[in-house]
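Participant: After the structure tokens below, expect a handful of questions from me.
The values are calculated or read from the model by the stated rules, or taken from the named source; none is laboratory data. Quick caveat, the model's predicted, so the values are computed rather than measured. With ideal geometry, Cβ positions are generated from the backbone for all residues, glycine too; neighbour counts draw on all protein chains shown.
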Amino acid sequence: MNCIATSLFDIFKIGPGPSSSHTIGPMRAGADFLKRLASLPAGQLSAAHHIEVELFGSLALTGKGHGTDRAVAAGLLGDRPECCDTERLASLLSDPEKVYRASFGPHDAIFTKQSIRFHSGKHDFPYSNTLALRLFSETDELLAEEIYYSVGGGFLLREGETVPEGNPVPYRYRNFESFRRLTEKYAMTPAEIILENEAALSGLSGEEIRARLSTVIEAMCDSVRRGLDASGVLPGPIRLSRRAAEVYRRAMSPDTDDTRFLLLLDAFALAAAEENAAGHLVVTAPTSGSAGLLPGIVYFLRGIRGVRMEKLVDGMLIAGLIAMIARRNASISGAEVGCQGEIGVAAAMSAGFLAAVHGYSLDVIGCAAEIALEHHLGLSCDPVDGYVQIPCIERNAVGAVTAWNAYMIASVSNPDKQKVGFDEVLEAMLQTGRSMSPAFKETALGGLAVCTLCG
Ligand code: SF4
């Protein structure tokens, strides 16, 4: 049985926006390629001269808007997503003549903006978001090649790499139902099981895991705070104005008493989503495109409701669990299943998070997550001009409100009477995603993207 053995910290990654599969994944691919070059035989190393990169599928079709070329270049220059300088990243490759040097041990290889090509035709690779990185000699002899698949949420697969046999986690489950049965069998809380599995994967103690999740929460709150403080126009040709600060100002004005709750949720989710669109540091939850939804809710609970960090961490354990189950049984990639896999899963994570923070049972948590995802089924990914701005930014705010509503409905319902479970809605999402035309899966070839461009 292929069990879930994903680390919470692979779900919640800190990195630059605007798209985890188009920025964090490719940056990690560049860095991984560099690491592998360092262990090449001496003869190949001494002949190393230049690097070329090809981007396929949705990485080619929307990669310019997402800054995929800059992300892979940054990885080749040794940057890591969690600590990359986003100002430097934004200016990379701006000079087409500039020659960059990727260093691996005492050796290096050069590349320029032209070395990274967007290959927009069809391809035969098994995943849409594919990168080919190659090292050549001065006479164009191929010295090394790696193919990477950026499979959503910043996760990366390397061609030929097999998932290790056996499972290192003590509590083996593959979906929500089997996780629920584990809690009964061992008379453990969901948090205890998640923490023990995480300890086995990361080698951290329970206390260290909770501390690290607090750091993730701080990073989420930072992204909201920065977004609320920012103004002006977001990068790219759409020239979309930031709105979070104004929505916040309106939320706090005395004449909005009855709508303040909704406007605050909107403002906080918009703030982090705008930071993502600006290419600044955000936390994937489960992706960068959906990095406003859960962080907006977290910020609301912390800043407005004064919820203690300990409770928020409890909620994060559940949000991470929901993302892992969604990734294992369906997808969290817009390029694979459309936006239902990003904003839909983010809403499910957030609804489950809210139920956990408020002390509800695992059954209510599952019910909240199911309702939130169910009402995102069929949601396409059609970013205008390939930029994670329209509809993505507003979608985070609308998704946050839906998530809160799903939690509320679940919290006053009898979960035994729920007809559709979280596992079933994931199956429905996967089927829907598979039936979707590629035009609606992060290619900017259909839907809102095309309509708006035609208008
Ligand atoms: S439409 Fe949704 S899935 Fe597509 S880029 Fe925007 S947030 Fe991501």
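Participant: Go through the stretch 66-181 and tell me which strands (runs of 3 or more DSSP E), entirely inside it, have 3 or more residues that are under 23 Å from the mean Cα position of the chain (by Cα).
Facilitator: 130-137, 142-150, 156-158
Participant: A follow-up question, please. Answer yes or no: is there a residue in the stretch 175-182 that is more than 26 Å from Glu370 (Cβ to Cβ) and either in contact with a Ser or Thr (Cβ under 8 Å, 6 or more places away or on another chain) or crowded, with 18+ Cβ neighbours inside 10 Å (or both).
Facilitator: No: zero hits.
Participant: Just for the stretch 2-61: of the residues that are away from the ligand (no atom under 16 Å from the Cβ) and among the hydroxyl-bearing types (Ser, Thr, Tyr), which one is nearest to Ile110 (Cα to Cα)?
Facilitator: The extreme case among them is Ser46.
Participant: Looking only at the stretch 278-323, which residues are at positive phi and within 15 Å of the ligand (Cβ to nearest atom)?
Facilitator: If the condition is that a residue be at positive phi and within 15 Å of the ligand (Cβ to nearest atom), then Gly279 is the only one that fits.
Participant: Can you tell me how many residues within the stretch 325-342 are touching a Pro at 6+ places or on another chain (Cβ under 9 Å) and modelled with pLDDT of 95 or more?
Facilitator: 6
Participant: Just the residues that are of a type outside the set (Val, Ile, Thr) and out of contact with any Lys or Arg (no Cβ under 9 Å at 6 or more places or on another chain), please, taken from the stretch 77-99.
Facilitator: Gly78, Cys83, Cys84, Asp85, Glu87, Arg88
Participant: How about the stretch 380-455: which helices (runs of 4 or more DSSP H) wholly inside it have at least 1 residues that are within 14 Å of the ligand (Cβ to nearest atom) and surrounded by fewer than 17 Cβ atoms within 10 Å (Cβ to Cβ)?
Facilitator: Helices (runs of 4 or more DSSP H) meeting the threshold: 392-411, 448-454.
Participant: Among the residues of the stretch 360-378 satisfying the criterion of being buried (at least 24 other Cβ atoms within 10 Å of the Cβ) and under 30 Å from Ala60 (Cα atoms), which is farthest from the ligand (Cβ to nearest atom)?
Facilitator: Leu373
Participant: Can you tell me which residue in the stretch 128-155 is surrounded by the fewest Cβ atoms within 10 Å (Cβ to Cβ), limited to those that are hydrophobic (A, V, I, L, M, F, W, C) and free of Cβ contacts under 8 Å to residues at least 24 places away in the same chain?
Facilitator: Leu142
Participant: Within the stretch 268-276, does at least one residue satisfy the condition of being at pLDDT below 95, within 16 Å of the ligand (Cβ to nearest atom), more than 18 Å from Asn405 (Cα to Cα) and touching a Ser or Thr at 6+ places or on another chain (Cβ under 6 Å)?
Facilitator: no
Participant: Which ones in the stretch 1-48 are under 20 Å from Ala335 (Cβ atoms) and outside any helix (DSSP H, G or I)?
Facilitator: Thr6, Lys13, Gly15, Pro16, Gly17, Pro18, Ser19
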